[in-house]
1. When you scan segment 22-42, how many residues do you find that are over 16 Å from Leu174 (Cβ atoms), in a helix (DSSP H, G or I) and of a type in the set (A, V, I, L, M)?
2. Yes or no: Ser45 at pLDDT 90 or above and open to solvent by less than 40 Å² (accessible area, probe 1.4 Å)?
3. With the requirement that a residue be among the polar types (S, T, N, Q), at pLDDT 90 or above and either loosely packed, with under 13 Cβ neighbours inside 10 Å or closer than 25 Å to Pro230 by Cβ (or both), what does segment 131-169 give you?
4. Which ones in segment 52-67 are in a helix (DSSP H, G or I), open to solvent by less than 10 Å² (accessible area, probe 1.4 Å) and touching a strand residue (DSSP E or B) at 6+ places or on another chain (Cβ under 9 Å)?
5. Considering segment 159-213 alone, what residues qualify as being out of contact with any helix residue (DSSP H, G or I) (no Cβ under 9 Å at 6 or more places or on another chain) and part of a loop (DSSP other than H, G, I, E, B)?
6. Only one of Val72, Val110, Val85 is open to solvent by 50 Å² or more (accessible area, probe 1.4 Å) and either at pLDDT 90 or above or within 22 Å of the chain's Cα centre (by Cα) (or both). Can you tell me which?
7. Going through segment 185-210 one residue at a time, which ones are loosely packed, with under 14 Cβ neighbours inside 10 Å and of a type in the set (S, T, N, Q)?
8. Within segment 227-254, take every residue that is among the hydrophobic types (A, V, I, L, M, F, W, C) and outside any helix (DSSP H, G or I) and give me the one that is modelled with the lowest pLDDT.
Amino acid sequence: MTATNGDHRYLQVARTLRKEIVDGVYPVGSQLPTEHELCQRFAVSRYTIREALRRLREDNLVSSRPRAGTLVVPRPDTNSYAQDVMSIDDLLAFAQGARFAIDTNAMVTVDQKLAERTGLKPGTEWLAVTGYRRTDDDSAPICRTEYYINRSFAAIGRLLHRHSGPIFPLIEDLFGVSIVQVHQEITAVMLPPELAGPLRVEPGTAALQMQRTYTTSDGAIAQVTVNTHPSSRFRHAMTMRRVRDARSDLSRDARSDLSRDAQSDLSRDAQSDPGREAP
């Protein structure tokens with residue numbers, strides 16, 4: 001079992017079992033060893049094994065039932081993830097209808113400048129895939145796209161020349177992980193000459209830079225994507241609705257109680273001082 005400094009033991013166990021499931025050591029329909037057998041194999045406690053199995057269930061790789069053991073199950077479609085505001089697939093919908101033409105596909109070491117743009121740790125190695133998205137060969141590109149993919153998943157770089165959609169489903173399918181969160185930041189920028197030319201706009205043109213950070217159920221960053229859109233070629237819309245939950249009901253009840261208390265105080269004051277005018 002390969003350990004990474006700072007990892008919890010259950011994450012190490014989950015990572016090893018996940019790889020064995022993806023590699024076919026435990027095919028779909030088979031059972032994982034019992035908790036007791038896994039405890040002996042990894043020299044860890046039953047609690048650690050249960051936490052590792054919980055991770056695998058969250059990744060939709062296994063299901064567990066009392067007295068039936070832990071069964072390897074088929075992975076569901078990857079279009080069911082949801083964010084607080086919109087679905088992740090809705091967030092990435094533009095990628096499905098635009099062709100991604102790759103310019104570069106190589107490992108890079110994150111320098112200080114790239115770290116400031118992406119939030120990645122300086123000195124770490126990531127697979128950098130850059131290029132432009134187009135709806136057709138004749139029109140101007142929709143945006144400049146930069147993918148920075150965790151070194152652990154860099155093997156997918158060989159598949160990207162024939163892949164046009166978002167990359168995170170490939171990571172999930174090939175490595176058995178689940179993307180559970182996408183954090184997005186939108187920043188207004190001015191296009192430098194090296195980007196303005198290929199995007200067919202003047203240097204200094206206003207643009208929107210969309211940075212998305214994809215996090216797995218293990219808490220690791222799988223991918224960071226930076227899309228730079230000329231301002232005239234992108235519109236971001238979001239609808240928010242007021243959600244009434246138990247807290248809002250409690251707040252309403254509290255206001256109602258406060259109102260009744262105030263009315264009661266006024267009534268009591270009026271009874272004790274008949275000559276006093278009501279406010």
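The values are calculated or read from the model by the stated rules, or taken from the named source; none is laboratory data. Computed from a predicted model, the values in this text were never measured in an experiment. No Cβ is skipped: glycine too gets one built from the backbone with ideal geometry, and neighbour counts run over all protein chains shown. Accessible surface is based on the protein model in full, side chains and every heavy atom, while ligands, DNA and RNA are left aside. Shrake-Rupley method; radii C 1.70, N 1.55, O 1.52, S 1.80 Å.
1. Looking only at that region, the number is 1.
2. Criteria not met by Ser45.
3. Passing the criteria: only Thr145.
4. Leu53, Leu56 - these are the residues of segment 52-67 that are in a helix (DSSP H, G or I), open to solvent by less than 10 Å² (accessible area, probe 1.4 Å) and touching a strand residue (DSSP E or B) at 6+ places or on another chain (Cβ under 9 Å).
5. Within segment 159-213, Pro192, Arg200 meet the criteria.
6. Checking each option against the conditions leaves just Val85.
7. Hit for segment 185-210 is Thr187, nothing else.
8. Here the residue is Val243.
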